[in-house]
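J.: Could you have a look at this structure, given as structure tokens, before my questions?
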Amino acid sequence: MPLDLTLSPLYRIDGIEQASLPGLFPAMPPRKSARGREADKLIVFLLLNGNASFSTGEYVQLASRAAVTYYETAGTLTAALRSAAEALNKLLLDRNLSTSGRGQYASGLLSLVALRNSEATILSSGPMHAYFLGTSGSQHLFDSLSGSGLGLGASAPHHFSRVALQPGDRLMICAKISPAWEAALNDSSPASLDATRRRLMNLTTDNVNAVLIQASEGSGAINVIRPEPEPSQTKPSAPNISKPSSAETEPVAEPLSESNPEAHLVQPSAYAIPPEPSEETTVPAPSPEPDILSSLPRLQPLESTPPNAEPPVPAAPVKDSKESAPASPSPRARQAARVIVKAMQAVRQGNERMAKGLQAFLPRLLPGVEESTSFTLPSYVMTVIAIIIPLIVVTIASVVYFRYGRSVQYEEYLVQARNAHAIAVKLTDPVAQRQAWQQELSYLNSAESNNQTGETQAMRQEAQTKLDQLMGITRLQFQPVVNGSLNAQISRMAADENNLYLLDAVHGNVLHLLINSDGFQSDDSFNCGPGTYGNYTVGPLVDILALPTVNSMNAAMMGVDSKGTLLYCGPGKLPQAIPLPPPDTNWGRVKAFALDGDALYVIDPPSRAVWVYIGKSDAFVDRPFFFFGDQVPNIENAIDMAVNSGELFILHADGHLSTCSFSDLQAVPTRCSDPAALTNPFPAYHDTDLFSQTHFTQMMLAPAPDSSLLILDTDNQGIFRFTPLSLELQSQLQPPAGRANSLPSIPASAMTESPNHMLFLALKDEVYFATNSP
């Protein structure tokens with residue numbers, strides 16, 4: 001479901017509220033985005049600390065640099081966010097190194113919010129705080145792993161958080177939390193965006209620098225509300241902050257143009273790029289620049305100006321109120337106009353010459369017309385001739401090119417592919433072999449763009465097979481479970497030999513498909529979702545799992561809502577709701593659960609707790625015990641879990657894994673590894689960090705007798721198989737490569753495997769299956 005985002009800046013300096021917040025930069029995907037970035041919306045929020053100076057235009061240039069890098073980076077969403085942060089870090093670090101002799105420096109505090117569908121992924125670098133105010137409660141997203149900020153070291157420290165947004169949810173980002181805001185930010189009661197903003201601004205008189213974001217149903221646009229300053233407010237001077245000289249002053253550039261005085265709408269076209277300097281030599285007098293937050297010093301311009309050089313010229317001339325004469329066009333505009341005029345004159349002269357030639361030639365073809373007789377063609381005939389002749393020339397040239405030119409290009413690329421193949425078969429080093437097979441596939445792609453033959457197909461199959469063997473990839477043929485869409489956003493799946501259960505993330509209910517010899521059949525009578533059952537009310541389900549065939553509840557599957565209420569469901573049966581006994585600290589928000597024998601494990605990330613219920617006849621009536629001992633890992637950003645004989649696996653929003661080994665012995669307490677080390681035994685990856693290119697979002701243990709740990713790589717539509725004890729990579733399960741992949745090129749949203757090793761993969765509202773899973 002597309003969401004609109006409304007951004008409301010909270011920006012006050014010395015008691016005066018400002019209409020524009022420097023460093024706040026919303027961006028929509030451009031037309032030519034890298035693979036994986038086509039549907040992402042991005043919000044950049046940058047703050048700068050230090051004793052160097054900066055301008056509002058330089059804020060925009062830095063923020064837009066992050067957006068450009070993000071949309072040019074292919075691969076996983078987290079990898080693109082890291083690249084954007086690294087680009088800013090290098091820029092600020094280079095600036096600090098060049099100005100260190102003068103004792104000037106600047107560090108950046110950065111928050112990047114990437115929205116894909118209804119899921120927001122937040123990268124924080126530096127002590128940036130985020131508060132998620134949802135319908136089910138509030139959540140403080142902060143971790144010391146985000147470091148001190150950008151520009152202080154060779155790498156950019158960062159921390160990832162992920163939240164699922166629903167219409168009406170709000171998100172606030174800031175670097176400094178006012179003590180007066182704590183109670184308001186812990187209160188997630190429904191309120192309008194404007195009311196929340198006014199409440200926060202009225203609670204404190206201190207300087208404020210934050211942004212409030214609200215999600216709403218819509219088409220996926222971003223609205224930025226810019227409050228108008230009161231007429232009585234004037235911009236005070238700031239004697240303790242150095243202003244840039246006239247040679248350093250840049251015009252104030254807004255990231256995106258405003259469509260009305262109150263807000264502007266970011267259409268899904270492209271992110272803004274700061275305008276290039278004009279070629280005019282006159283420099284208009286700089287307008288006074290508004291003061292900024294005292295905690296945010298000023299940064300030097302990105303491009304240093306030589307001492308004797310001309311001062312930089314603004315991209316758009318500033319209009320003096322005393323001058324009534326319009327600004328003269330720039331030399332570039334005058335040159336463009338001259339080119340257009342010359343082109344129009346050339347076309348007109350060509351038409352005149354053609355008309356004269358035809359008037360002299362055509363009378364000779366007509367019988368009974370003397371050469372001296374005046375012959376004039378109608379103007380419409382001349383117009384048609386002027387159009388048809390160029391079309392004929394272009395058509396002939398195209399036919400010649402497609403018949404002969406493409407054939408030549410095909411032969412050239414095919415020869416290069418053969419050479420790469422001859423090199424690959426002689427190599428023994430796995431890394432060199434991988435690169436050679438990849439090179440051959442690249443040449444084959446170019447050759448088949450001109451002509452696809454049996455030879456190219458055979459060469460492609462051999463090269464892809466060799467490359468997959470080197471990289472430990474098993475290709476699976478996926479087929480659609482049903483034809484068409486299921487009209488649901490699938491977020492979780494569970495399966496047994498005869499049933500497939502699908503959790504709809506939008507409504508929190510479960511869909512049921514029967515598995516038989518004829519294929520898959522939808523069960524429209526299946527009822528399992530939010531509602532009131534007896535004396536208990538069940539909210540939207542957050543996780544589901546299939547139950548053993550024989551159980552005391554006579555149910556086929558079980559779901560859980562965010563408040564720890566279990567819902568037992570089965571085909572042709574009425575659902576039964578039974579709340580779990582609450583723990584001593586009560587529930588924060590249940591995220592996932594897992595069965596390990598008779599024990600039920602429930603993870604509550606906001607409470608940093610995993611609770612274990614010991615079942616009695618498949619019912620969980622006793623109070624739980626706390627899984628962790630003295631060592632409690634930080635699991636506030638946990639998104640999934642799995643359990644294998646007391647060994648707990650926790651998946652975090654940034655994709656890293658934590659493992660904990662339970663022990664009830666005091667001499668050997670429960671121990672955790674955070675982060676857990678993943679091992680890649682394939683030598684072909686010796687020069688590549690495979691796991692940094694992944695986006696892990698779900699995991700599960702493969703059904704017995706296989707004990708593999710399966711982890712879903714969302715962006716690449718792949719599933720990684722690890723050994724549970726050593727976390728060593730066994731293989732990757734992926735659909736066919738290239739054109740042979742029939743799956744839509746969108747991220748996968750869920751996966752599961754049935755006891756008979758049928759693998760299911762969900763892509764938003766479509767589900768696919770493969771029967772040859774290892």
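The values are calculated or read from the model by the stated rules, or taken from the named source; none is laboratory data. A quick note: this is a predicted structure, and the numbers were derived from the prediction, not measured. As a convention, Cβ positions derive from the backbone with ideal geometry for all residues, glycine included, and neighbour counts pool all protein chains shown. Protein only, heavy atoms only, side chains kept; ligands, DNA and RNA dropped before computing areas. Shrake-Rupley method; radii C 1.70, N 1.55, O 1.52, S 1.80 Å.
J.: How many percent of the accessible area of segment 68-198 is carbon or sulfur, using a 1.4 Å probe?
T.: 54 percent
J.: For segment 1-47, with every protein chain kept in place, what is the accessible area per residue (1.4 Å probe, Å²)?
T.: Result: 32 Å² per residue.
J.: Here is a follow-up. Taking a 1.4 Å probe, which of Phe649, Phe526, Phe682 shows the most accessible area, and what order do the others take after it?
T.: From most accessible down to least: Phe682, Phe526, Phe649.
J.: Spin-label point model (7 Å from Cα, Cβ direction): what's the His656 to His140 distance in nm?
T.: 2.1 nm
J.: While we're looking at this one, here's another question. Please work out how much accessible surface Phe662 shows to a 1.4 Å probe, ignoring ligands, DNA and RNA, in Å² rounded to 10.
T.: For Phe662, the solvent-accessible surface is approximately 80 Å².
J.: Could you report the accessible area of His507 in Å², rounded to 10, computed with a 1.4 Å probe on the protein chains as they sit in the structure?
T.: Using a 1.4 Å probe on the heavy atoms, I get roughly 110 Å².
J.: Between Ser525 and Glu647, what is the spin-label point distance in nm, taking each point 7 Å from the Cα along the Cα→C-beta axis?
T.: With each label point 7 Å from Cα toward Cβ, the separation is 4.4 nm.
J.: While we're looking at this one, here's another question. Which of the three applies to segment 1-94, rounded, prolate or oblate, going by the alpha-carbon gyration tensor with a ≥ b ≥ c and a/c under 1.5 meaning rounded?
T.: oblate
J.: For the cross-link pairs Lys466/Lys764; Lys41/Lys764; Lys591/Lys616; Lys32/Lys764, which exceed 25 Å when the distance is taken from alpha carbon to alpha carbon?
T.: Among Lys466/Lys764; Lys41/Lys764; Lys591/Lys616; Lys32/Lys764, the Cα-Cα distance tops 25 Å for Lys466/Lys764.
J.: Carbon and sulfur: what percent of segment 400-491's accessible surface (1.4 Å probe)?
T.: Carbon plus sulfur share of accessible area: 48 percent.
J.: What is the pair-distance distribution P(r) of segment 599-714, computed from all Cα-Cα distances in 10 Å bins starting at 0, with each bin given as a whole percent?
T.: Cα pair-distance distribution for segment 599-714, in percent: 12, 39, 34, 12, 3, 0.
J.: Keeping all protein chains in place and using 1.4 angstrom, which order do Arg37, Arg739 fall into by accessible surface area, from largest down?
T.: Sorted descending by solvent-accessible area, the residues read Arg739, Arg37.
J.: What are the semi-axes of the equivalent ellipsoid of segment 491-650, taken as the square roots of 5 times the eigenvalues of the Cα gyration tensor, listed largest first and rounded to whole Å?
T.: Output for segment 491-650: semi-axes of 27, 16, 15 Å.
J.: Another question about this same structure. Mind checking the per residue accessible area of segment 500-647 for me, 1.4 Å probe, whole number of Å²?
T.: 43 Å²
J.: Would you rank Phe691, Phe620 by solvent-accessible area, highest first, keeping every protein chain in place and using a 1.4 Å probe?
T.: Phe691, Phe620
J.: Do me a favour and compute the ellipsoid semi-axes for segment 416-467 from its Cα gyration tensor, root of five times each eigenvalue, largest one first, whole Å.
T.: In descending order, the three semi-axes are 19, 10, 9 Å.
J.: In whole percent, how big is the carbon plus sulfur part of the accessible area of segment 550-655, probe 1.4 Å, protein atoms only?
T.: 49 percent
J.: So, one more: Distance from the Cα centre of segment 193-216 to that of segment 485-524, in angstrom?
T.: Spelled out, the Cα-based centre of one part sits 42 Å from the other.
J.: Let me ask something else about it. Taking 0.36 nm per residue of sequence separation and subtracting the Cα-Cα distance, how much length would be gained by fully extending the chain between Arg35 and Gln730, in nm to one decimal?
T.: Stretched out fully, the Arg35 to Gln730 stretch lengthens by 247.5 nm.
J.: Then there is this: In Å, the Kirkwood hydrodynamic radius of segment 78-170 over pairs of distinct alpha carbons?
T.: Hydrodynamic radius (Kirkwood, Cα pairs) of segment 78-170 is 14.2 Å.
J.: What's the extension gain from Ser517 to Ala164 if we count 0.36 nm per residue and subtract their Cα-Cα distance?
T.: Extra length available between Ser517 and Ala164 comes to 123.3 nm.
J.: Related question: Per residue, how many Å² of accessible area does segment 681-774 show with a 1.4 Å probe?
T.: 36 Å²
J.: A further question on this structure: Apply 1/(1 + (r/R0)^6) to the Cβ-Cβ distance of Asn51 and Ser673, taking R0 = 51 Å, and write down the FRET efficiency to the nearest 0.05.
T.: The formula returns an efficiency of 0.80 here.
J.: On to the next question. Between Glu17 and Asn186, how high is the FRET efficiency from 1/(1 + (r/R0)^6) when r is the Cβ-Cβ distance and R₀ = 30 Å? Nearest 0.05.
T.: The computed FRET efficiency comes out at 0.80.
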